[in-house]
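The values are calculated or read from the model by the stated rules, or taken from the named source; none is laboratory data. As the structure is a computational prediction, the values presented were derived from the model and not from experiment. Glycine also receives a Cβ, built like all others from the backbone with ideal geometry; neighbour counts cover every protein chain displayed.
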Amino acid sequence: MPKVFVFGLDGATFDLILPWVAEGKLPHFARLLAEGSWSPLESVPNMRSPAAWTSFMTGQNPGKHGIFEFYEPVPQTYGLRFVHGGMRKSKSLWTLLSEQGKRVGVINVPMTYPAETVNGFLIAGLDAPGVESSGFCYPPQLMRELQERFGPYILEPGLTGYLIGGKLDLAVQKLREELAQKEAITTYLMQEYPWDFFMVVFRSLDAVQHCFWKFMDPLHPQHDPDEAARYGTVILETYQQIDQSLGKIWAMLDEETVLLVMSDHGFGRKHPANNQLNHWLASQGFLHYTHEREGKKTVQELSLALLKHLYRFLIGKTPRTAKEKLARWFPQLRNRVQSRLCFAHIDWSRTKAYSDTLFPNIWINLIGREAQGTVSPEEYGEVIDQLRQALAGCRDAVSGRRIVERVFHRDELYSGPYVEKAPDLLIRWKEDEVIQGIALPDQEKEAADAVEETRPLIPGEDPRIISGDHRLHGVLLMAGPPVRRGVQLAQARLIDLAPTILALLDLPIPADMDGRVLEEAWQEEMRSAWTPSYRDAEPASPPLHPGEDYSKEEEEEIAKRLRDLGYLD
């Protein structure tokens, strides 16, 4: 029976891989394309890493496993709470494999904190507060072994602080070091521990494309030829380092092992439209700001102005280890600050719809769900229709062209008991447009400027840092004895990978998985001689580790010292 090795890449895209393969710059990807089957890999609808990686490991859409984003709304409030893998409602692939006696090794997969007890080992991913967090690694003593051999474990390269501080060269250096350490730890564990299934995720591509896209892309509004001359090849060089890691790991696999390379989403140019959604909603009468009514800055707005400058200082100056400790000790502070930053200045009593300004989502301010809801359940459908119609008319601030491809209601995208955790609407922007902002009336531009004067930027929003963003299609490449050679598959989805891996290991597939087995990737003799087996679904699992609350006094004391922990960048 073959083994399976999953080489996970956060944010890899064929939009870059295929041209660079054609130019001879990625030899191991080129070999994999020639010797295996491949396809663009459709991500989850919102293209967000927490939902995507959780859908990979469960074979389910987010409406079933309950994870949509790094945070989720708190009912009856406008608060947000950060989410980790322990809040997942469905079993992971490695738990299913462990229950069937398979030996597993899992490294750095996002949304795996706290580490599950598996038949093998698991090192948690970016949702962990820090390496020293309880539950970061299973078995716990493995992390001590690795740090004695490889030095302090690098959970994330932490590029944000370096970039805000103008230390781009140091950011690149840290990126390279993190990738090299992940490769070294992976190859060590591959040899030292027995396994039937092994998976590692290299997150460096996501980080470098978020932060360095503008240097590579001449169409990006922030592209600077002088900066591009210095940093325009950083993304290519990172893909090349990944390519070398792929080649080294592939060479270590025996002839019976199936290699599966995948990414959770693709990547492309970021634009400011998400950040302007609340201003657009205000221009259409769906949202109102507090300054409209009061005519002057409130104490809250003045404190937010201070927070704006404090954010830049702290992210740039606070050591990463200190951020990790604070995140472990005061998780509720992170929740409160994130809520404050996302929803600053909104007058809830007059607002019908709002966005978090980070992602292309809109919530309805619904009576009975939100704390100060203004839209009744009877009016809900009408407001949704009004928003759809208005969004269809959104135009670019410079070109004047329409920029919305489609608007989805959450019920069109998700199914299962946790659909209500999703935003009411999801906007799909036109990816082929160079979007420089949403066109706003002159008076709304002035109002937006007044809000932005005090509203603090938050991670993922600062244009000096983030210039690339997620796209719907990631990558899938497979090679091994049962896999067809040199074949492009017609279609593949992220949720198809868990059932496909179970099938490769000749294990039954739970009936509640939404994905299918990618049988068209198999050699003809395998397809004709073998049929996937299925088993009944199990009841939804309770959260593995729902988290702990801290007292109001504790939160207030720490809030005086540090207002923004961001996403640990």
Matching residues in segment 153-165 - criterion: being at pLDDT 85 or above and over 16 Å from Val234 (Cα atoms): Tyr153, Ile154, Leu155, Glu156
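So that you can scan it fast, the table gives a plain yes or no per residue for (1) under 22 Å from Phe198 (Cα atoms); (2) of a type in the set (Ser, Thr, Tyr):
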| residue | (1), (2) |
| --- | --- |
| Val234 | no, no |
| Tyr239 | yes, yes |
| Leu246 | yes, no |
| Asp254 | yes, no |
| Val258 | yes, no |
| Ser263 | yes, yes |
| Gln276 | no, no |
| Gln284 | no, no |
Unmet criterion (only one of (1) of a type in the set (Ser, Thr, Tyr); (2) more than 16 Å from the chain's Cα centre (by Cα); (3) more than 29 Å from Leu504 (Cβ to Cβ)) for Ser98: (3)
Conditions (1) touching a helix residue (DSSP H, G or I) at 6+ places or on another chain (Cβ under 9 Å); (2) surrounded by fewer than 17 Cβ atoms within 10 Å (Cβ to Cβ); (3) modelled with pLDDT under 95: number failed by Ile367: (3)
Single condition Pro73 does not satisfy, out of (1) surrounded by fewer than 24 Cβ atoms within 10 Å (Cβ to Cβ); (2) under 27 Å from Val487 (Cβ atoms): (2)
Entirely in segment 88-199, the helices (runs of 4 or more DSSP H) that have 3 or more residues that are among the charged types (D, E, K, R) and farther than 19 Å from Thr58 by Cβ: 140-150, 168-192
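Any chance you could count how many residues in segment 60-76 are charged (D, E, K, R) and either at pLDDT below 95 or in a loop (DSSP other than H, G, I, E, B) (or both)? Steps first, answer last, please.
Going residue by residue through segment 60-76, those that are charged (D, E, K, R) are 64, 69, 72.
Then keep just the ones that are either at pLDDT below 95 or in a loop (DSSP other than H, G, I, E, B) (or both); that gives 69, 72.
Going through segment 60-76 one residue at a time, the tally reaches 2.
Among the residues of segment 229-244, are any of a type in the set (Lys, Arg), assigned by TED's automatic domain parsing to the domain that holds Pro157 and closer than 30 Å to Ile164 by Cα?
As a first pass, look at segment 229-244 and keep what is of a type in the set (Lys, Arg): 230.
From the residues that got through so far, the ones that are assigned by TED's automatic domain parsing to the domain that holds Pro157 too are 230.
Still in the list and also closer than 30 Å to Ile164 by Cα: 230.
Yes, that holds for at least one residue.
Quickly run through segment 257-285 and pick out the residues that are part of a loop (DSSP other than H, G, I, E, B) and modelled with pLDDT under 95. Show your work before the answer.
Kept after step one, since they are part of a loop (DSSP other than H, G, I, E, B), are these residues of segment 257-285: 257, 264-265, 270-273, 284-285.
Scanning segment 257-285 gives Lys270, His271, Pro272, Ala273.
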Failed criterion for Leu477 (all others in (1) surrounded by 22 or more Cβ atoms within 10 Å (Cβ to Cβ); (2) modelled with pLDDT under 95; (3) not in a loop (DSSP other than H, G, I, E, B) hold): (2)
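Would you say Asp254 is under 25 Å from Val109 (Cβ atoms), surrounded by 23 or more Cβ atoms within 10 Å (Cβ to Cβ) and among the charged types (D, E, K, R)?
Details: under 25 Å from Val109 (Cβ atoms): yes; surrounded by 23 or more Cβ atoms within 10 Å (Cβ to Cβ): no; among the charged types (D, E, K, R): yes.
No, not satisfied.
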Close pairs (6 angstrom Cβ cut-off, 6 or more residues apart or separate chains): over 11 Å from Phe150 (Cα atoms) in segment 173-192, small (Gly, Ala, Ser) and not in a helix (DSSP H, G or I) anywhere: Leu189/Gly105
Which listed residue is β-branched (Val, Ile, Thr), closer than 20 Å to His210 by Cβ and at pLDDT below 90, from Ile458, Ile435: Ile458
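Quick one: is Glu378 farther than 23 Å from Arg428 by Cβ, assigned by TED's automatic domain parsing to the domain that holds Arg428, surrounded by 15 or more Cβ atoms within 10 Å (Cβ to Cβ) and among the charged types (D, E, K, R)? Walk me through how you get there before you give the answer.
Details: farther than 23 Å from Arg428 by Cβ: yes; assigned by TED's automatic domain parsing to the domain that holds Arg428: yes; surrounded by 15 or more Cβ atoms within 10 Å (Cβ to Cβ): no; among the charged types (D, E, K, R): yes.
Taking the combined requirement at face value, the residue does not satisfy it.
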Condition check for Arg395: in contact with a strand residue (DSSP E or B) (Cβ under 9 Å, 6 or more places away or on another chain), closer than 30 Å to Ile495 by Cβ and at pLDDT 95 or above: no
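Condition test on Ala511, is it at pLDDT below 95, surrounded by fewer than 17 Cβ atoms within 10 Å (Cβ to Cβ) and either in the same structural domain as Trp280 (by TED's automatic domain parsing) or over 21 Å from Phe5 (Cα atoms) (or both)? Can you show your working first?
Values: at pLDDT below 95: no; surrounded by fewer than 17 Cβ atoms within 10 Å (Cβ to Cβ): yes; either in the same structural domain as Trp280 (by TED's automatic domain parsing) or over 21 Å from Phe5 (Cα atoms) (or both): yes.
Spelling it out, it is not the case that Ala511 is at pLDDT below 95, surrounded by fewer than 17 Cβ atoms within 10 Å (Cβ to Cβ) and either in the same structural domain as Trp280 (by TED's automatic domain parsing) or over 21 Å from Phe5 (Cα atoms) (or both).
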Total residues in segment 395-423, condition in contact (Cβ under 8 Å) with a residue 24 or more places away in the chain, touching a helix residue (DSSP H, G or I) at 6+ places or on another chain (Cβ under 7 Å) and within 19 Å of Asn275 (Cβ to Cβ): 2
